[in-house]
Amino acid sequence: MQLAAIIVSLVLIVVGVALFGRALLQLFNFMRLGQPVPAGTRTDNPYQRAVTVVREFLGHTRMNRWGIVGVAHWFVAVGFFTLLLTIVNAIGQLFKADWILPVIGEWAPYNIYVEFIGTMTVLGILVLIAIRQLSHPRTPGRKSRFAGSNFGQAYFVEAVILIVGVCIFMLHALEGAQHHVDGYEASFFISYPVVSWLKGMDVSTLQNLTYFFAGLKIATSFIWMIVVALKTDMGVAWHRFLAFPNIYFKRNATGETSLGALLPMTSGGKPIDFTDPGEDDVFGVSQVEQFSWKGLLDFSTCTECGRCQSQCPAWNTGKPLSPKLLIMSLRDHAHAKAPYLLAGGGKTVEGEEKASEEQLASVPAAALAEAERPLIGTAEENGVIDPDVLWSCTTCGACVEQCPVDIEHVDHIVDMRRYQVMIESAFPSEAGTMLKNLEKKGNPWGLAKKQRLEWTKEVDFEVPVVGKDIEDLTEVEYLYWVGCAGALEDRAKKTTKAFAELLHIAGVKFAIMGGDEKCTGDSARRLGNEPLFQELGMENVAALNMAFGEDDEDESTKKPKSAKKIVATCPHCLNTIGNEYPQLGGDYEVIHHTQLLQHLVDEGKLVPVTPVEGIITYHDPCYLGRHNKIYTPPREIIGKVPGLRNEEMHRHKERGFCCGAGGARMWMEERIGKRINNERVDEALSLNPDIVSTACPFCLVMLTDSVNGKKNEGKAKESIQVVDVAQLLLDSVKTPVDPAGEAETENEPEPAPVK
């Protein structure tokens with residue numbers, strides 16, 4: 001047995017190491033097929049990036065959100081990397097059964113660690129196996145996050161971890177039996193019962209058991225290495241190596257999720273100048289090799305865990321998009337096409353083949369066939385990604401928020417949309433109307449710009465307008481960016497008027513733009529029309545800089561006299577102006593209206609006194625919550641309104657469920673599956689609330705439409721309201737009126753001076 005174990009183990013070690021080294025080189029060459037990224041965007045602040053990797057790995061910051069799954073995975077992951085010396089120990093035990101590592105082999109802390117982590121690795125993988133089995137989609141439907149994953153590969157990896165873990169435990173116990181451990185001690189505090197049982201066996205049996213478990217451990221480990229080396233697209237195995245560089249090269253060095261701003265459109269690693277684009281510039285992504293090298297790294301790192309899929313509003317409402325399956329499809333296509341690309345294959349800008357027929361002669365037929373597949377195309381066209389998959393995305397960011405290895409799904413989806421919109425003009429027809437309205441009228445509804453100020457006539461106080469009532473914003477504390485919806489959509493205008501009235505009550509000096517401002521371009525950019533976004537954005541930046549009196553400097557500080565403070569009621573405007581306009585030269589301090597209102601309530605400038613009775617549930621807007629991490633202010637305001645009892649929906653905060661309007665879906669019909677807003681309202685109605693509240697005009701429209709539909713069907717009580725947080729606060733701040741019609745003034749707060 002000893003001889004057989006030695007021969008088999010040594011052969012597997014040599015073959016495994018050689019193949020694994022070759023696989024690493026293949027993966028490196030594969031990543032190089034991707035496009036470069038703008039200089040410094042993925043390699044800045046190396047120290048902070050290293051800290052982020054260590055923090056995310058040791059803290060399992062994403063995984064631990066999933067409770068026991070995170071804890072179990074932590075022990076499995078830590079065991080894999082920190083118990084590597086047990087392989088060396090096993091090799092020595094093949095030649096001498098009672099061999100132990102020099103220096104540390106008898107060191108109690110090392111043995112305690114091996115025993116504890118080895119045992120917890122076994123328990124951890126058993127927990128993960130059980131969870132996978134319980135989540136297995138044996139019944140029709142999409143409830144399992146593992147639906148669509150490669151179960152055979154997962155079973156193989158799980159079996160390997162379990163076998164290796166058992167071998168580590170048994171070899172440690174055999175070591176104790178052969179070294180005459182006579183009682184419980186620190187180094188054998190878990191395994192001593194097994195040690196005691198083994199001590200009853202003769203020396204020859206103990207030696208043969210040692211050879212068996214040492215050989216099994218080595219064989220299992222290196223068979224695994226050979227298998228994954230031969231299958232470089234096996235994400236469920238390779239993620240344990242690729243996750244580290246993928247996290248290191250993530251967009252934000254400090255570790256924030258890759259949400260908020262979209263990345264500028266680049267070609268060859270340089271931002272595209274749409275005023276004078278280069279002849280060789282590539283717009284968007286139409287071939288897998290047009291993704292950046294970070295994109296190819298993303299695809300290869302996917303571990304198929306399905307956390308993104310379980311949170312995706314499109315997948316949960318019967319649509320074809322699963323972020324996991326999208327990434328898996330891109331990965332499989334990229335790896336299958338790689339031999340063709342590595343041989344020099346691919347098309348030039350003019351559409352000609354780069355490589356000669358002689359160069360491509362050695363390329364496998366399967367790779368040549370894969371190269372002919374369109375990246376975006378229907379099943380009949382043999383496309384890799386179906387157009388319905390691409391257009392189902394709401395860019396809500398749930399996938400990016402939950403991914404434990406920091407894959408940037410939204411960026412890749414938008415890159416593919418950009419090509420479809422800008423080159424193919426292939427997108428849902430309804431969105432075309434929105435784009436035309438943006439081009440001609442500067443707003444998605446196509447209304448005249450003079451209507452942007454109509455709401456100011458419906459309030460009984462003066463609303464200063466920049467350039468009309470005041471010269472510039474040096475005279476006020478805030479610019480209130482009303483936005484298209486807030487100025488033009490009837491339901492959103494209620495929020496606008498309520499917020500303006502609250503500012504007036506609190507004595508906050510503010511002003512609005514004069515109606516010449518345009519849509520921020522959020523929907524155009526997320527649809528994929530980058531030039532239109534930049535055109536709208538640059539016009540707005542110029543208007544904002546003029547309004548802020550950028551050139552009007554204070555003599556003593558040499559800085560602009562007005563702080564560039566903007567408050568917005570629309571999270572999409574907040575996100576675009578605050579996070580994306582810096583790409584266009586506009587740098588502003590932008591806050592959400594709930595943040596300012598919370599501040600005013602805390603300072604006593606707004607005092608909620610009138611009870612608003614009932615049960616309320618708050619819906620987190622995706623672009624306020626996940627994209628900008630603003631969860632507390634709206635809830636703080638609700639908590640200050642007397643009479644309200646807040647009930648959280650099952651999916652809230654980081655796991656909040658989209659209303660269905662993001663990613664330009666506001667302007668597209670939902671023809672597949674259940675409407676996303678109906679799914680969200682059904683969840684809200686399960687709490688039997690009197691009020692559904694939110695803090696976004698898009699969400700307000702989507703939720704109101706669904707609630708009204710439910711009322712018409714008799715599925716919701718007539719008294720239920722959908723309102724913005726600002727409307728709730730105004731109802732409570734306003735002094736109640738007595739039956740005689742005279743206002744009670746005892747609770748009315750005096751406006752406090754603005755600091």
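The values are calculated or read from the model by the stated rules, or taken from the named source; none is laboratory data. Everything numeric here is computed off the predicted structure, so don't read it as measured data. Every residue, glycine among them, receives a Cβ derived from its backbone with ideal geometry; neighbour counts consider all protein chains shown. These area figures cover heavy atoms from the full protein model, side chains too; ligands, DNA and RNA do not enter into them. Shrake-Rupley method; radii C 1.70, N 1.55, O 1.52, S 1.80 Å.
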Only one of (1) in contact with a helix residue (DSSP H, G or I) (Cβ under 6 Å, 6 or more places away or on another chain); (2) closer than 13 Å to Asp98 by Cβ fails for Lys199. Which number is that? (2)
When every residue in segment 671-688 that is touching a residue at least 40 places away in the same chain (Cβ under 8 Å) and closer than 15 Å to Phe698 by Cβ is compared, the one most open to solvent (accessible area, probe 1.4 Å) is Arg675
I'd like to know if segment 246-263 contains one or more residues that are open to solvent by 10 Å² or more (accessible area, probe 1.4 Å) and more than 28 Å from the chain's Cα centre (by Cα). no
Of the residues that sit in segment 641-666 and are in contact with a Leu (Cβ under 8 Å, 6 or more places away or on another chain) and open to solvent by 10 Å² or more (accessible area, probe 1.4 Å), which one is farthest from Ser706 (Cα to Cα)? Leu644
If you take just the helices (runs of 4 or more DSSP H) that sit entirely in segment 293-398, which of them hold at least 3 residues that are within 30 Å of Ile676 (Cα to Cα)? 293-301, 307-311, 313-316, 323-342, 387-391
Would you mention how many residues in segment 475-492 are touching a residue at least 12 places away in the same chain (Cβ under 8 Å), open to solvent by 30 Å² or more (accessible area, probe 1.4 Å) and assigned to a helix (DSSP H, G or I)? 2
Please pick out the residue among Ala154, Ala186 that is touching a helix residue (DSSP H, G or I) at 6+ places or on another chain (Cβ under 7 Å), open to solvent by less than 40 Å² (accessible area, probe 1.4 Å) and hydrophobic (A, V, I, L, M, F, W, C). Ala154
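Please work out if Ala740 is part of a loop (DSSP other than H, G, I, E, B), surrounded by 15 or more Cβ atoms within 10 Å (Cβ to Cβ) and either of a type in the set (Phe, Trp, Tyr) or modelled with pLDDT under 95 (or both). Walk me through it before giving the result.
Values: part of a loop (DSSP other than H, G, I, E, B): yes; surrounded by 15 or more Cβ atoms within 10 Å (Cβ to Cβ): no; either of a type in the set (Phe, Trp, Tyr) or modelled with pLDDT under 95 (or both): yes.
It is false that Ala740 is part of a loop (DSSP other than H, G, I, E, B), surrounded by 15 or more Cβ atoms within 10 Å (Cβ to Cβ) and either of a type in the set (Phe, Trp, Tyr) or modelled with pLDDT under 95 (or both).
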Could you grab me the full set of residues in segment 2-50 that are in contact (Cβ under 8 Å) with a residue 12 or more places away in the chain, aliphatic (A, V, I, L, M), assigned to a helix (DSSP H, G or I) and open to solvent by 40 Å² or more (accessible area, probe 1.4 Å)? Ala4, Val8, Val15, Val17, Ala50
Take segment 58-86 and flag every residue that is part of a helix (DSSP H, G or I), at pLDDT 90 or above and crowded, with 18+ Cβ neighbours inside 10 Å. Val69, Ala72, His73, Trp74, Phe75, Val76, Ala77, Gly79, Thr86
Those residues that are open to solvent by 10 Å² or more (accessible area, probe 1.4 Å) and in contact with a strand residue (DSSP E or B) (Cβ under 9 Å, 6 or more places away or on another chain), I need them from segment 600-640; list them, please. Pro611, Val612, Glu613, Gly614, Ile615, Asn628, Ile630, Pro633, Arg635, Gly639
How many residues of segment 15-48 are touching a helix residue (DSSP H, G or I) at 6+ places or on another chain (Cβ under 9 Å) and closer than 30 Å to Thr220 by Cα? The answer is 15
Met234 passes all but one of the listed conditions (1) open to solvent by less than 20 Å² (accessible area, probe 1.4 Å); (2) closer than 30 Å to Ala90 by Cβ; (3) in contact with a Phe, Trp or Tyr (Cβ under 8 Å, 6 or more places away or on another chain); the exception is number (3)
Within segment 427-469, which residues are in a loop (DSSP other than H, G, I, E, B) and open to solvent by 40 Å² or more (accessible area, probe 1.4 Å)? Phe427, Trp445, Leu447, Asp460, Glu462, Gly467, Lys468, Asp469
Test each condition in (1) part of a loop (DSSP other than H, G, I, E, B); (2) closer than 30 Å to Val601 by Cα; (3) within 23 Å of the chain's Cα centre (by Cα) for Gly663 and report the one that comes out false. (2)
When you go through Val414, Val384, Val400, Val466 one by one, which is the residue that is under 30 Å from His73 (Cα atoms) and among the aliphatic types (A, V, I, L, M)? Val400
